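The values are calculated or read from the model by the stated rules, or taken from the named source; none is laboratory data. Predicted model, so just to flag it, every value in this text is computed and none were measured. Neighbour counts are summed over all protein chains in view; Cβ atoms, including those assigned to glycine, are modelled from backbone coordinates with ideal geometry.
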Ligand SMILES: [Zn+2]
């Protein structure tokens, strides 16, 4: 188990290891933000861009140039993966699951990780830590300048400590107003922090929580347990719409995952409230407020969100 040799930097247990507290944003122009840290839509975009190149291919060789990622690269990646056929590339929360008959590689992009399909033998850069070479002459290359990503292994990924207590996927049918209302019963935490809790629902980061609450007209500080079913239903609709739009936007970048030596530029998002402090609300024109909630910048409209 990776617990045995954790990086000294990351002394948190798996259970909260990925509650990242920082996000780096680059302002491209006033109406756009470039996300540097992959959130759920970016991970899903990566999956869609990579899957056609690796599914049903046999792994011919694995090259690990840097073992010290968020946790040490699992030894099975080098020992068990070669010779295996990749049955599928799926996603659970922000984990990509490379499934084979021998087990599953669990890949997390961390804060700065990216994946590319390259021709085998393409010279590696200093941050290109792992290549999974395939029988079709291509390789899946994992680049991660800040090394907060991880590459682990499990016989059954859904029993892995990082995955087994996760809440439902936001785009699944099981995630609906009833579920959210029932789960929130008696909870005094703010609705925004509640949404960002991965045991409630996975993959709603700081940006998408602010955006969804704006669309649903719910104040981010409202107690989760005091929101009526009807409003929870609007919130679930808003979450699905916001994430769905972001995934659709990512579709335009799928070809960027193949070839070249740069990093796939995570797509620009048109955001309605996040990052727009003091700018006019797109609905009522009053200035957008910024507060810090759970140590995260939170944007909302005092007038539209109750
Ligand atoms: Zn407003």
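Please tell me if residue 50 is outside any strand (DSSP E or B) and in contact with a helix residue (DSSP H, G or I) (Cβ under 7 Å, 6 or more places away or on another chain). So residue 50 fits the description; yes. When residue 142 is tested against (1) in contact with a helix residue (DSSP H, G or I) (Cβ under 9 Å, 6 or more places away or on another chain); (2) buried (at least 20 other Cβ atoms within 10 Å of the Cβ); (3) within 30 Å of residue 124 (Cβ to Cβ), exactly one condition is not met: (1). Counting only residues that are more than 20 Å from the chain's Cα centre (by Cα) and away from the ligand (no atom under 15 Å from the Cβ), region 293-306 holds 1 of them. Of everything listed in (1) buried (at least 18 other Cβ atoms within 10 Å of the Cβ); (2) free of Cβ contacts under 8 Å to residues at least 40 places away in the same chain, the single unmet condition for residue 203 is (2).
Of the residues making up region 74-95, those that are touching a helix residue (DSSP H, G or I) at 6+ places or on another chain (Cβ under 6 Å) and farther than 14 Å from residue 158 by Cβ are 86, 89, 94.
Give 116, 70, 91 a once-over and let me know the one that is at negative phi, part of a loop (DSSP other than H, G, I, E, B) and within 17 Å of the chain's Cα centre (by Cα).
On the way: 116 fails: part of a loop (DSSP other than H, G, I, E, B); 91 fails: part of a loop (DSSP other than H, G, I, E, B).
70 is the lone residue from the list that is at negative phi, part of a loop (DSSP other than H, G, I, E, B) and within 17 Å of the chain's Cα centre (by Cα).
Checking each residue in region 198-213 for being out of contact with any helix residue (DSSP H, G or I) (no Cβ under 8 Å at 6 or more places or on another chain) and assigned to a helix (DSSP H, G or I) picks out 206, 207.
Each residue in region 274-292 was checked for being within 9 Å of the ligand (Cβ to nearest atom) and part of a loop (DSSP other than H, G, I, E, B), and 7 pass. Based on what the data block shows, is residue 164 within 22 Å of residue 89 (Cβ to Cβ) and in a strand (DSSP E or B)? It is false that residue 164 is within 22 Å of residue 89 (Cβ to Cβ) and in a strand (DSSP E or B). The numbered conditions (1) assigned by TED's automatic domain parsing to the domain that holds residue 243; (2) surrounded by fewer than 21 Cβ atoms within 10 Å (Cβ to Cβ) are all true for residue 136 except (1).
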